[in-house]
Amino acid sequence: MKARVTVTLKSGVLDPEGKAIEGALRALGIAGVAGVRQGKVFDIELDGTDARRAEVALTDAAEKLLANTVIENYRVEVLP
Amino acid sequence: MRSAVIIFPGSNRERDMARALRLICGREPTMVWHADAELPAGIDLVVLPGGFSYGDYLRCGAIAAHAPVMAGVRVHARNGGLVLGICNGFQILCEAGLLPGVLMRNGALKFLCREVHLRVERSDTPFTRGYNAGQVIRLPVAHGEGNFYAHPAIIARLESEGRVLFRYTSPAGVPDPNWNFNGATNAIAGVLSEKRNVLGLMPHPENHVDAAVGPTDGRGLFAGLVAHVAQAA
């Protein structure tokens, strides 16, 4: 079973890396980029077929390790 | 004072720390491996040293925060034992929830390897009794993620409770954005826990203890801890 956990910065948290990427896009000549915030994607393979159980386990994983909930949000999706 | 220094995979300042402790406390610290679930008995001070534990993978200190030895560190802290986290150690303590907030990427994105000026905000703690309140000291920093951040309510609480022990300032001891190189909120360099027994500090006091190589402004932190433990005994 495949699942994906996406971790993003909470709004209001400064993202200098996102700003640097924004500048680099501008330097590349890509117009119209008003802002960039960088996040992370974890593609996780799980044993078993119980999607509910997987979501619970991955939420626990996100709370404890994959995300720092001081500054990050997360989203758990079990992939079809 | 009996001290222990924890070694995580990727720690690299544990020997500098052991040297400083040996010089100032006159006693060899115990080096503790991250996979040991318990600390040795009779330890007064546990130190989490600087470095790049687990390669800074995922987030600085995120994986080390779950190392077996952290169970022993939590027990030690809960019992009022002294814990000192330097640089990566500070990051680990925040990730482990033993200190509030998080150390984010330096605001200007550059890795900083330089000397900074710190104002010691108060001298009535075990970690700062070796200094005068308001004293400005020089310590080296070496970090890419020293930008302390917490929710504004947490920051307000830290400030009102006097738990910001060290602040980046100008050489004259004045907070100034030009001298806050990593952009830390309120120029916070060092934070004390609620029970006042756990300190996280981004700069490296252990590297300014020997007159042969430079300033010795770091001695006061360790000497103060020795005095505190001796007095409490």
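FYI, it's all coordinate maths here, none of it is from the lab. Small disclaimer: the values here were computed from a predicted structure and weren't measured. Don't worry about glycine lacking a Cβ; one is built from the backbone with ideal geometry, like all the others, and counts go over all protein chains shown.
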Taking the protein assembly as shown, how many lysine pairs are there with alpha carbons less than 22 Å apart, if each pair must be eight or more places apart or span two chains? 9
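For segment B:1-63, report the translational diffusion coefficient in µm²/s to the nearest whole number, using Stokes-Einstein at 25 °C, 0.890 mPa s, and a Kirkwood Rh over Cα pairs. Write down the numbers at each step before the final one.
Numbers: Rh = 12.1 Å.
Stokes-Einstein gives a translational diffusion coefficient of 203 µm²/s.
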DSSP loop chymotrypsin sites (Phe, Trp or Tyr not before Pro) in segment B:20-81 with at most 12 other Cβ atoms within 10 Å of their Cβ, which ones? B:Tyr57
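With the radius of gyration and the Kirkwood radius both derived from the Cα set of chain A, what is their ratio Rg to Rh?
Working: Rg = 15.8 Å, Rh = 14.2 Å.
Result: Rg/Rh = 1.11.
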If one puts a single equal scatterer on every Cα of segment A:18-62 and applies the Debye formula without solvent, what log₁₀ I(q)/I(0) results at q = 0.13, 0.16 Å⁻¹? -0.53, -0.59
In cubic angstrom per residue, the convex hull of the protein assembly as shown built on its Cα atoms measures 152
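If you take every DSSP beta bridge whose two residues both sit in the protein assembly as shown, what share of them, in percent to the nearest 5, is antiparallel?
Working: 35 of 50 bridges.
Restricted to the protein assembly as shown, the bridges split so that about 70 percent are antiparallel.
From the P(r) of segment B:1-137, could you give the percentage of C-alpha pairs in the tail past 17 Å?
62
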Relative contact order, percent, of segment A:2-78 when contacts are C-alpha pairs under 8 Å separated by at least 6 residues? 52
In vacuo Debye scattering of segment B:121-233, one point per C-alpha: log10 I(q)/I(0) at q = 0.15, 0.20 Å⁻¹? -0.66, -1.17
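Which of the trypsin sites (Lys or Arg not before Pro) across segment A:1-41 are loop residues per DSSP, with 16 or fewer other Cβ within 10 Å? All intermediate terms of the calculation are to be shown ahead of the outcome.
Details: sites: A:Lys2, A:Arg4, A:Lys10, A:Lys19, A:Arg26, A:Arg37, A:Lys40; in loops: A:Lys10, A:Arg37.
Qualifying residues, ordered by number: A:Lys10, A:Arg37.
Run through the DSSP bridge list for segment B:3-232 and note the antiparallel percent, rounded to the nearest 5.
Numbers: 22 of 37 bridges.
For segment B:3-232, the DSSP antiparallel bridge percentage is about 60.
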With +1 on the Cβ of every Lys and Arg and -1 on the Cβ of every Asp and Glu, the dipole magnitude of chain B about its Cα centre, in debye rounded to the nearest 20, is 160
Projected onto the charge dipole of chain A (+1 at Lys/Arg Cβ, -1 at Asp/Glu Cβ, origin at the Cα centre), which of A:Ala27, A:Val70, A:Val5 gives the Cα projection farthest towards the positive end? A:Ala27
Size of electric dipole in segment B:111-191: Cβ of Lys, Arg +1 and of Asp, Glu -1, about Cα centre, debye, nearest 20: 120
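Hey, with R₀ at 51 Å, roughly what FRET efficiency would B:Arg19 and A:Lys19 work out to, going by the Cβ-Cβ distance, to 0.05?
Values: r = 40 Å, r/R0 = 0.77.
After rounding to 0.05, the efficiency reads 0.80.
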Helix A:51-61: inclination vs chain A longest Cα principal axis, degrees, rounded to 10, gives 60
Furthest towards positive pole of dipole, B:Ile24, B:Val69, B:Tyr57, structure part segment B:1-80, Cβ charges: B:Ile24
Output the relative contact order of chain B, whole-number percent, from Cα pairs under 8 angstrom with separation of 6+ residues. 21
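Can you list, largest first and rounded to whole Å, the semi-axes you get for chain B by taking the square root of 5 times each eigenvalue of its Cα gyration tensor? Working shown, then result.
Details: eigenvalues 110, 83, 60 Å².
In descending order the semi-axes read 23, 20, 17 Å.
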Between segment B:168-207 and segment B:22-77, what's the alpha-carbon centroid distance in Å? 22
Charge context of B:Gly61, other residues only, Cβ under 10 angstrom, K/R +1, D/E -1: -2
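Let me check I've understood the local charge: for B:Asn132, count other residues with C-beta under 13 angstrom from its C-beta, Lys and Arg +1, Asp and Glu -1. What total comes out?
0
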